[in-house]
Structure formats: structure tokens, C-alpha cells
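Okay, so here's the structure we're looking at.
The values are calculated or read from the model by the stated rules, or taken from the named source; none is laboratory data. As the structure is a prediction and not an experimental result, all values here were calculated from the model. Glycine also receives a Cβ, built like all others from the backbone with ideal geometry; neighbour counts cover every protein chain displayed.
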């Protein structure tokens, strides 16, 4: 779907974790399901990145990195053209934005980033760090949760980070979410 076998599973897991975080934040059921859908398609724009770059081990050169950084805009364009709910395109476009403006593609800050995109951003980082990536071993859940905690309030929404910690403290599992989120 997106050029590498890892991305599809990653997107499903990000959707599940995003849904769980949204529930802890007290969002209504429709919004939670829409955020889950957004998580499930957040990386669809990776189709613009050659599979050998997505699966490559080692540091990316500047050209390769610029290709990777195109995926949010490409994904948003695909989702808009498919006439899907606008929130899905917003999530795809903004899931790499950071509260302090250090993210991409538009260096949005704070409230300029929708709550849905801030939720998916946290879920994306946690899922990516905790699991095996084509270019490195899994770093584990503890390292992932430590990373988002260190970035709480500067990179990541503090309430979203706290909700993510709550999700895992009550026993969240990607496997059990298959039944609960469907």
C-alpha cells in the first residue's frame, strides 16, 4: 500500500492507540472513531517515497530526508481528493508538526495543530519507537513513553501525553484493541 510492508501494520497500530488516547481524553464516540481512522491513514503519503528508502538501514542523506518529509502533504492531497472527512487529511498533513514549531511540513505551533493531529503525533512516536523499524531494533515501550514525557509541553501536547500514559497503565494492548475498536 505505501511501498513497504511495515507501514500498513504501523498505521493500524497508530489508529488503535489514537482511539484509546481519544477515549481517555473524553472525546465523543464519533470523534474517537474518526481519529482512529485518521491514525490508520496518517502515513498514506509514503507512497511518494521509494520503498528502498523506507526500508533502508542507516542515516538518510538530505535528498532522501526531503523525500520522506513530503509524505504528509502527499497523504493529505490523496485523502482530500478521495472526498473523505477533512479531519483525515488534516491528520495526515499535521502528524509531524510539533507544539514548538519544530515539526514539518509547515512548522505549525500549539493550537495551530488540531487536537486530532496532536493525538496521532503521540501515538505515531510511541508505536514507531516501541516496535521494530526497518532501520533499527525496537526501542521498547519504556523508551517510547520516556521520549514523549520528555517532550510534553514543548513537542507534544501535555494532556495527550498524560492520556497515553494512562492508556498503557490500564493495560492497553494492540491485540485487544482489534476487537474493542472495530
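Just to be sure I understand, how many residues within the range 117-139 are within 20 Å of residue 168 (Cβ to Cβ) and surrounded by 15 or more Cβ atoms within 10 Å (Cβ to Cβ)? Matching residues across the range 117-139 total 16.
Residue-wise test of (1) more than 30 Å from residue 60 (Cα to Cα); (2) free of Cβ contacts under 8 Å to residues at least 60 places away in the same chain; (3) exposed (fewer than 15 other Cβ atoms within 10 Å of the Cβ).
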position	(1), (2), (3)
90	no, yes, no
94	no, yes, no
146	no, yes, yes
169	yes, yes, yes
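Conditions (1) assigned to a loop (DSSP other than H, G, I, E, B); (2) over 17 Å from the mean Cα position of the chain (by Cα); (3) in contact (Cβ under 8 Å) with a residue 12 or more places away in the chain, marked per residue:
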site	(1), (2), (3)
57	yes, yes, yes
64	no, yes, no
72	no, no, yes
87	no, no, yes
102	yes, no, yes
111	no, yes, no
119	no, no, yes
122	no, no, yes
127	no, no, yes
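Among the residues of the range 1-54, which ones are over 12 Å from the mean Cα position of the chain (by Cα), in a loop (DSSP other than H, G, I, E, B), under 28 Å from residue 65 (Cβ atoms) and in contact (Cβ under 8 Å) with a residue 60 or more places away in the chain? Once the filter is applied, which keeps residues that are over 12 Å from the mean Cα position of the chain (by Cα), in a loop (DSSP other than H, G, I, E, B), under 28 Å from residue 65 (Cβ atoms) and in contact (Cβ under 8 Å) with a residue 60 or more places away in the chain, the range 1-54 yields only 4.
For the range 143-167, the set of residues classified as under 15 Å from residue 17 (Cα atoms) and in contact with a helix residue (DSSP H, G or I) (Cβ under 7 Å, 6 or more places away or on another chain) consists of 144, 145, 148, 160, 161, 163, 164, 165, 166, 167, listed by residue number. Screening residue 139 with (1) in contact with a helix residue (DSSP H, G or I) (Cβ under 8 Å, 6 or more places away or on another chain); (2) farther than 15 Å from residue 42 by Cα; (3) not in a loop (DSSP other than H, G, I, E, B) gives one miss only, at (3).
Just one residue in the set 48, 78 is farther than 25 Å from residue 111 by Cβ, at pLDDT below 95 and touching a helix residue (DSSP H, G or I) at 6+ places or on another chain (Cβ under 9 Å); that residue is 48.
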